[in-house]
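The structure appears right after this line, and notes come after that.
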Amino acid sequence: MIDQIRELLDQYSKWLRDKTTLRRINEKWIEITTPHLDRHNDYVQVYCRLDPDNGLVLSDGGYIIDDLKSSGCELKTPKRQGLLRMTLNGFGVQLEGDSLIIHATPETFPLQKHNLVQAMLAVNDLFYLSQPTVTSIFIEDVTNWLELHEVRYTPRVKFTGHTGFDHLFDFVIPKSRQQPERIIKAINRPNREQAQSLVFAWLDTREVRPRDSRAYAILNDTEQDLASDVGEALKRYEIVPVPWSEREKAREELVA
């Protein structure tokens, strides 16, 4: 089983390398196009430049925050600012104006690039757009549901996986007498890309967590039906899919 998981991780790393392209923007900046998709199904792009004082600087160029604002999603409330800061802090990413920034050395570049991309995807996915104006944030809905049922949890927990990459999960419910540790990811836009990302994060993380730990994916199926292949892909790697419309079926497992 371990060899199989390592082979899958190697395949994922090869996919990342083969699907990444570079383009020079000007004398300072290089554009890195990754195979990851944002909520518009556009490829996520990061920008890199050499800083004589701070090594390498990686940035999203302000894309993520600008995109949310243009969609009517303002981040002015204290709760939303708190969610944003907590998410960025989990990956060591700074907010400079509207740009997401992280610093790296040649040695830490792979890890820091990974952290920036994951932070971009996490912030991009925090928000549930039901209308042109944002009426709610999906992770807020999940948080409120857990608290309504008095589920004990730690929010926004980062684990360093077997490969050395960091992975951010939305909730961790500690082990109890009835249930093992439960690690939860709330996915606002369940699709193949999101499923692949979570599978990699879980396979990498599982090797450094207690052997009986479980992973759950809470899937937002409010706006569109959940594709069957998403749930099946998660189950194949022992991740329990929980459609938001069927969340009560999983309540006892999470409360215990």
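Does at least one position in the stretch 140-147 carry a residue that is in a strand (DSSP E or B), of a type outside the set (Val, Ile, Thr) and out of contact with any His (no Cβ under 6 Å at 6 or more places or on another chain)?
no
Which pairs turn up if I take residues in the stretch 123-146 that are within 19 Å of Phe91 (Cβ to Cβ) and look for partners that are at pLDDT 75 or above and among the hydroxyl-bearing types (Ser, Thr, Tyr) with beta carbon separation below 7 Å, at least 6 apart in sequence or on another chain?
Val123/Thr87; Leu126/Thr87
For Arg152, indicate whether it is loosely packed, with under 15 Cβ neighbours inside 10 Å, in contact with a strand residue (DSSP E or B) (Cβ under 8 Å, 6 or more places away or on another chain), in a loop (DSSP other than H, G, I, E, B) and not β-branched (Val, Ile, Thr). Break it down stepwise before answering.
Numbers: loosely packed, with under 15 Cβ neighbours inside 10 Å: yes; in contact with a strand residue (DSSP E or B) (Cβ under 8 Å, 6 or more places away or on another chain): yes; in a loop (DSSP other than H, G, I, E, B): yes; not β-branched (Val, Ile, Thr): yes.
Judged against the criteria, Arg152 is a match.
Considering the stretch 89-114 alone, what residues qualify as being outside any helix (DSSP H, G or I), charged (D, E, K, R) and closer than 28 Å to Thr160 by Cβ?
Within the stretch 89-114, Glu96, Glu107 qualify.
Could you please tell me which pairs satisfy a Cβ distance under 8 Å, a separation of 6+ or placement on different chains, a first residue in the stretch 16-31 that is part of a loop (DSSP other than H, G, I, E, B), and a second residue that is not hydroxyl-bearing (Ser, Thr, Tyr)?
Within 8 Å, the pairs are Lys19/Pro35; Thr20/Ile32; Thr20/Pro35; Ile25/Glu31; Lys28/Arg49; Lys28/Leu50; Trp29/Cys48; Trp29/Arg49.
State all residues of the stretch 35-45 that are in a strand (DSSP E or B) and more than 27 Å from Glu238 (Cα to Cα); if no residue qualifies, say none. Quick ask: steps written out before the conclusion?
In the first step, residues of the stretch 35-45 are kept if they are in a strand (DSSP E or B); the result is 35-37, 43-45.
Within the stretch 35-45, Tyr43, Val44, Gln45 meet the criteria.
Results for (1) polar (S, T, N, Q); (2) assigned to a helix (DSSP H, G or I); (3) surrounded by 13 or more Cβ atoms within 10 Å (Cβ to Cβ), shown as yes or no for each residue.
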{"site": "Glu7", "(1), (2), (3)": "no, yes, no"}
{"site": "Arg49", "(1), (2), (3)": "no, no, yes"}
{"site": "Cys73", "(1), (2), (3)": "no, no, yes"}
{"site": "Gly82", "(1), (2), (3)": "no, yes, no"}
{"site": "Thr87", "(1), (2), (3)": "yes, yes, yes"}
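Being loosely packed, with under 13 Cβ neighbours inside 10 Å, on the phi > 0 side of the Ramachandran plot and not small (Gly, Ala, Ser) is the requirement here; does Asn26 meet it?
no
The values are calculated or read from the model by the stated rules, or taken from the named source; none is laboratory data. Note that the structure is predicted; figures quoted are calculated from it, not measured. So basically every Cβ, Gly included, is an ideal-geometry build from the backbone, and we count neighbours across all protein chains shown.
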